[in-house]
Amino acid sequence: MFPCNHTPIPELYVSADSARKLKHEAAALPSWDLTARQVCDLELLMNGGFHPLKGFLGQADYDSVVQTMRTADGALWPMPITLDVTETFADGIEPGQDIALRDPEGVILAILSVTDKWVPDKAREAEMVFGANDLAHPAVNYLHNVAGKVYLGGPVTGIQPPVHYDFKARRDTPNELRAYFRKVGWAKVVAFQTRNPLHRAHQELTFRAARESQANLLIHPVVGMTKPGDVDHFTRVRCYEAVLDQYPAQTTALSLLNLAMRMAGPREAVWHGLIRKNHGVTHFIVGRDHAGPGKNSQGKDFYDPYAAQELFRAHESEIGVTMVDFKHMVYVQEKAQYFPSNEIPEGTTVLDISGTELRRRLREGLDIPEWFSFPDVVAQLRKTSPARDKQGFTVFFTGLSGSGKSTIANALMVKLMEMGGRPVTLLDGDVVRKHLSSELGFSKEHRDINIKRIGYVASEITKNGGIAICAPIAPYAATRRAVREMIEACGAFVEVHVATSVEECERRDRKGLYKLAREGKIKEFTGISDPYEVPDRPELRVDTEGTEVDSCAHQVILKLEAMGLIRA
Ligand code: PPS
């Protein structure tokens, strides 16, 4: 049993006076614009959420954390908190130098006194921390395809916390929560971590956990970064607020945690425990497959479903937080009541709706029964997830030059406009290069910038309920995946591989470019002197050889219908 600790935890902020002075001096330092994930990490470093860390890990700490889940001086810490930067930025920085860390608007949040600069072995980091160097794991994909190549480490001097304009009153630092628990006299607090909306089963299980541990309850959802494709945090917080009324008054608090999750299962559970310890709680609910990333590229779970609980239990005394078993609660029809799945009365009917089934019902505008969720929660979810045929979406054609992307895309656009209902925008490769990317060439770097621009515009169109049709070559799988993640946050992404072979494209050679490429007059030509990574699992693959354009466009229409995105 661990007592509630109300004493303040060390923060990395300097006084307001020193902060003003430092800010001035820092303006002349080289500065790094933090990524969204780094802003989350920095906030928790500065406010003590990541205590005992005093900054971004240096190399010795990094090696030790990756290898042994401990910092070099032996403190339990399972997650490498590193500042990844580009090679270009790193080239101008040497250990011993200070750099200013700025948020995306350019505000200086902190100073990093660089002690270490190194190129990490990312494959090893993936194996050790996430259990596999497999890009199907969102954090491994991030490590290889989003994070910079070089790490900088060193202590952080905090100047000011990142500014949040949303739900200000619901955000608390570890010390604010500790002070609150002291003020209201909560001696035992059980925290519930979540990245999903809460339904009745969650309310029942958290309620039980609090009763069993005779503790008050802290609903402590993550609003920083969660798994790509999750319900956005604005919707979730409105759902949490709706559920809060369902708990007996004065027993339960809701506080938002600006954590960037890694979905690292067992290591993540231990990390979550340490973070909650810093926030002053005494108990923490850990369930089956805690912070699980889903299936690996072989279609198997990344982690054993109970590995997180086992690792947590093995380190419980060091974490200083008691683990509370998360009970899977199911609804028993005859009793009109929830029961833990291992205590179901014999001969009764169990009702349950899985996450996938819930998403299907939301997508298709079907009934969601009251025994499953609260009407206010369902209303919030429906507001942000209207039925699929009312949402925006993106059709993303990819394929070689001359494969027929533009022709099919044009035919599709006309068919969709004929149906009406939503505005349709075509972002064709050539047209984009004329209007949005006229300064870009065909190096990997430039192609990636071009595709990300298309993805950005398509995501805005999708978010606002329109249909975006994109038709670039988009030769790199990782870039297509980044675009998919960006768009799936606001609607459906339908990847269509126009699978015309290079031989056929060259035979057609509509623009005469293949001939020039063969003669070496065009460099880096896709399929001839530059790579094209064939999509593994596109939503649709169309073959233009021996098939009319009209019929290819019709195949796309059928796919959109099957996905519920349009109605015939
Ligand atoms: S990419 O890789 O997605 O950024 O390419 P994209 O913007 O779709 O541009 C492809 C069109 O540019 C012409 N073109 C080339 N393509 C490939 N490689 C090289 N080096 C190249 N140089 C010019 C070509 O006409 C492409 O048009 P499409 O419509 O694909 O035939």
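The values are calculated or read from the model by the stated rules, or taken from the named source; none is laboratory data. These numbers were taken from a predicted model, which means no experiment stands behind them. Glycine also receives a Cβ, built like all others from the backbone with ideal geometry; neighbour counts cover every protein chain displayed.
Residues of the stretch 426-440 that are of a type outside the set (Asp, Glu) and either touching a residue at least 12 places away in the same chain (Cβ under 8 Å) or not assigned by TED's automatic domain parsing to the domain that holds Cys552 (or both): Leu426, Leu427, Gly429, Val432, Arg433, Leu436, Ser437.
This table checks each residue for (1) over 18 Å from Ile522 (Cβ atoms); (2) without any contact (Cβ under 8 Å) to a residue 60 or more places away in the chain.
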site: Phe393; (1), (2): yes, no
site: Gly402; (1), (2): no, no
site: Ser406; (1), (2): yes, no
site: Val414; (1), (2): yes, yes
site: Val424; (1), (2): yes, yes
site: Lys452; (1), (2): yes, yes
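Please find, among Phe207, Phe167, Phe192, Phe181, the residue that is surrounded by fewer than 21 Cβ atoms within 10 Å (Cβ to Cβ), in contact (Cβ under 8 Å) with a residue 60 or more places away in the chain and touching a strand residue (DSSP E or B) at 6+ places or on another chain (Cβ under 8 Å).
Phe167
Of all residues assigned to the stretch 284-297, at least one qualifies as being within 20 Å of the chain's Cα centre (by Cα), assigned to a strand (DSSP E or B) and either surrounded by 22 or more Cβ atoms within 10 Å (Cβ to Cβ) or not acidic (Asp, Glu) (or both). Of the strands (runs of 3 or more DSSP E) contained entirely in the stretch 54-130, those carrying at least 3 residues that are in contact (Cβ under 8 Å) with a residue 24 or more places away in the chain and within 17 Å of Ala147 (Cβ to Cβ) fall at 83-85, 116-118.
Looking at Asp166, Asp134 in this structure, which one is acidic (Asp, Glu) and either within 30 Å of Met1 (Cα to Cα) or in contact with a Ser or Thr (Cβ under 9 Å, 6 or more places away or on another chain) (or both)? Quick ask: steps written out before the conclusion?
Working: Asp166 fails: either within 30 Å of Met1 (Cα to Cα) or in contact with a Ser or Thr (Cβ under 9 Å, 6 or more places away or on another chain) (or both).
Answer to the selection: Asp134.
When Arg360 is tested against (1) modelled with pLDDT of 90 or more; (2) surrounded by 13 or more Cβ atoms within 10 Å (Cβ to Cβ), only condition (1) is not met.
Among the residues of the stretch 455-472, none qualifies, meaning not one is within 10 Å of the ligand (Cβ to nearest atom) and β-branched (Val, Ile, Thr). Being within 11 Å of the ligand (Cβ to nearest atom) and touching a helix residue (DSSP H, G or I) at 6+ places or on another chain (Cβ under 7 Å) holds for only one residue in Gly402, Gly392, and it is Gly402.
Of all the listed residues (Val321, Val332), the sole one being surrounded by 13 or more Cβ atoms within 10 Å (Cβ to Cβ), farther than 30 Å from Ile566 by Cα and free of Cβ contacts under 8 Å to residues at least 24 places away in the same chain is Val332.
A count restricted to the stretch 422-451 and to residues that are assigned to a loop (DSSP other than H, G, I, E, B) and near the ligand (Cβ under 10 Å from one of its atoms) stands at 6. Taking the conditions (1) within 13 Å of the ligand (Cβ to nearest atom); (2) not aromatic (Phe, Trp, Tyr); (3) not in a strand (DSSP E or B) in turn, Ala478 satisfies each one other than (1). Being crowded, with 22+ Cβ neighbours inside 10 Å and within 13 Å of the ligand (Cβ to nearest atom) is not true of Gly512.
How many of the residues in the stretch 281-304 are of a type outside the set (Phe, Trp, Tyr) and over 22 Å from Pro221 (Cβ atoms)?
From the stretch 281-304, those of a type outside the set (Phe, Trp, Tyr) are 281-283, 285-301, 304; that's our starting set.
Within this subset, residues satisfying the condition of being over 22 Å from Pro221 (Cβ atoms) are 295-301, 304.
So the answer is 8.
Under 20 Å from Gly229 (Cβ atoms), more than 9 Å from the ligand (Cβ to nearest atom) and surrounded by fewer than 21 Cβ atoms within 10 Å (Cβ to Cβ), is that true of Ala411? Considered against the rule, which asks whether it is under 20 Å from Gly229 (Cβ atoms), more than 9 Å from the ligand (Cβ to nearest atom) and surrounded by fewer than 21 Cβ atoms within 10 Å (Cβ to Cβ), Ala411 comes out as no.
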